[in-house]
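Nothing in this text is a laboratory measurement; each read-out follows from the coordinates by a stated rule. Everything quoted here is computed from the prediction, not taken from an experiment. Note that each Cβ is placed from the backbone with ideal geometry, even for glycine, and that neighbours are counted across all protein chains shown.
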Amino acid sequence: MNAIKDRIKYFFLVLVLGLVSCTNQTDSSVTEEMQTALDSLKTIYAPDTRVALWNVSVTNISGKLKLVGEVDKQKTYTDITNFINDNY
């Protein structure tokens, strides 16, 4: 069980999302919107970075969003992935 926890702790969350730009939003506004959403998730899953690992960021590269990060719990990873898939 500790081996699984250790793997999850050091597991890098790398998702490259090819999103089609919304016609009424610029690429930067989508990036900012997603970063705001991720910041909200951080307050839920890692309110204190001394006890929870959360290093997640989003960038916009040529109209495609790239989400890169590191979390320490499988549930956090699953919930981030589900949130991104459901909303973007």
Paramagnetic label zone (point 7 Å from Cα along Cα-to-C-beta, LYS75; backbone N under 16 Å) in segment 26-64: 41-48, 51-54
Segment 23-73: C-alpha gyration tensor shape, a/c 1.5 cut-off, then a/b vs b/c: prolate
